[in-house]
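First the structure, in the form of structure tokens, and then the observations on it.
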Amino acid sequence: MLECRADMSLPLAWRPLLGGALGAQAAALVKEVARALTPERAFPRAALSYPASANLNRGRAGIALLYAYLAELGWNDGVGQLSYEEAAFACVEYAMDIASDHPMTESLYAGFVGIAWVAEYLVSADSAGAEGTEEGEDGNADIDQAILGLVSRSPWRRKYELMDGLVGLGVYALERLPGTGARALLLAILDRLEEVACTEGGETSWLTRAELLPGPLRERAPHGLYNLGMAHGVPAVVALLANYLFCGIAEARVRPLLERTIAWLLRQRIPLGVGRAFPCIALPDRGTASARAADRERARPMATEPARLAWCYGEPAIAVALWLAGVAADNAAWRDIARSLALDSLARSPEQAGVTDTMFCHGSAGLAHIYNRLYHLTGEVALRDAAVSWFEWTLSARSTEPDAAFAGFFASGLADDGAPTKLSSPGFLEGAAGTALALAAACGHREPRWDRVLLLSPAAQARAPR
């Protein structure tokens, strides 16, 4: 069933998903997490000056997003003597100090670029008020120049992905629009993406070369692989290119590239009970020009089962990417496929979904938020109900041990002896900050613009669909 509006490609106005006792419980736990994320409680003393304590994925930059969003919601509790807004800026200032004193990569999630993205987000957010930079001052201008110098080099030998590569740099550049340097950055990033693309038979994809893979995976994929997840793969390119169209960047180049990429992506689906699903990866066909050598026998899938349901892999996040592309390119067929992918994924049980913890990246909170976002994008009531169900799972699964940190939200991991265990972490993707952000978005009236960094919503400068 659909919630109707005049133009079905336009999103619903953001509204709270959780109400009553469930919403009150979620809001109380969000505030409990916020209080627990002070430096003294969130990080061991030995880790306070370590770069990972600053980055977007695990560190203070990601925590800043939580505080900033709570300020946007108008929640007034604060952290100690600081308001949520002040706490957000304090986190970013800390992260920037660490970045200035320690070498960090250009990664969006593990490096200085993610810190710069959050700084840009805070300055542009309604909640920033008088706390932003002084008029005429641009704290990220030097970052722009550093990235432009990097992406202007050819050939590109680094990763293309969202987490640690070109797509992540594109997400930063989108946040910098309409700044004068942002368009140049986006064009240079597009140059590099086109340079490393594999185009054949009217389809385009991106190969992750073997030397860029971790050791165990490199042994299984000695000729590289095609990644089919949002975090490390081709779906993030789809979402990034959709944002180029939203923002009017190089449309004549981007539109055919997007069409070829989606054609390739959709061909990777595998049959699954109800509908079709995506595996995590595909190996190159050794008989194609893009694979460079023989031995067709190596061209078999690494897995015959679909990926888990998550942000990092699986249909829900891919559905968001395809929906955004369908809106940006005014392609109803892509939107229909996105809707079908999302709805078909609801047939999987929690066990089949592969969810084992409450985190954002590949846990219940992230899946709940994506279904919440898909509901607001599509108006499909079944997706709203799925989001509520996964939020209920998140609240019921948290640890109730007396010494449980961060309101009992946890990541699945292994103990020193190799036994499964629950790990407490303060961070964004695999920590309590990300879980709290998802819950806060389910309780609040303000659209969670922070999920632009996950490529789950259009860029700030996106134009209205034509």
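So the values come out like this:
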item	result
Region 78-97 residues near the modelled E137 label - backbone nitrogen below 19 Å, point 7 Å along Cα→Cβ	85-97
Computed magnitude of the charge dipole of the chain (debye, nearest 20; Cβ of K, R +1, Cβ of D, E -1)	1420 debye
Rounded, prolate or oblate (a/c below 1.5 giving rounded, otherwise prolate when a/b exceeds b/c) for the chain by Cα gyration tensor	rounded
³J(HN,Hα), Karplus 6.51/-1.76/1.60, whole Hz, each residue of region 200-211, x for Gly, Pro	7, x, x, 10, 10, 8, 10, 8, 8, 5, 4, 5
Net dipole in debye of region 110-250 [+1 Lys, Arg Cβ; -1 Asp, Glu Cβ; about Cα centre; nearest 20]	760 debye
Residue (of S107, H223, A125) at the positive-pole extreme of the chain, dipole from beta-carbon charges	H223
Length-normalised contact order of region 291-440 in % [C-alpha pairs under 8 Å, at least 6 apart]	20 percent
Placed amide H near V79: partners under 5 Å, 5+ positions off or other chain	Y84
Radius 14 Å from Cβ of A307, net charge of other residues (Lys, Arg +1; Asp, Glu -1)	+1
For E380, distant residues with modelled amide H under 5 Å away	E3
Fully extended contour minus Cα-Cα distance, from E93 to Y50, at 0.36 nm per residue	14.0 nm
Sequence-distant residues sharing a close amide H with I281 (under 5 Å, placed H)	L228
Protection proxy ranking, peptides 20-29, 203-212, average beta carbon neighbours within 10 Å, highest first	203-212, 20-29
Among G366, W393, I281 the positive-end extreme of the charge dipole of the chain (Cβ point charges)	I281
Efficiency of FRET from Cβ geometry, A333 and A252, R₀ 25 Å, rounded to 0.05	0.75
FRET efficiency for A347 and R15, using Cβ-Cβ distance with R0 set to 30 Å, rounded to 0.05	0.70
Protection proxy ranking, peptides 99-105, 175-181, 457-463, average beta carbon neighbours within 10 Å, highest first	457-463, 175-181, 99-105
Length gained when the stretch Q145-D191 is fully extended (0.36 nm per residue, less Cα-Cα span)	14.9 nm
The chain - percent relative contact order, Cα under 8 Å, separation 6 or more	20 percent
Point-charge dipole on Cβ atoms (K/R +1, D/E -1) for region 140-347, about Cα centre, debye to 20	360 debye
Region 140-347, relative contact order in percent, only Cα pairs under 8 angstrom and at least six apart counted	17 percent
In region 140-200, chymotrypsin sites (Phe, Trp or Tyr not before Pro) in a DSSP loop with at most 14 other beta-carbon atoms within 10 Å	none
Whether region 140-347 is rounded, prolate or oblate, judged on the alpha carbon gyration tensor where a/c under 1.5 counts as rounded	oblate
Net charge, G149 excluded, C-beta distance under 12 Å - Lys, Arg +1, Asp, Glu -1	-2
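FYI, it's all coordinate maths here, none of it is from the lab. As the structure is a computational prediction, the values presented were derived from the model and not from experiment. Positions of Cβ are generated from backbone atoms using ideal geometry, with glycine treated the same way; all protein chains shown enter the neighbour counts.
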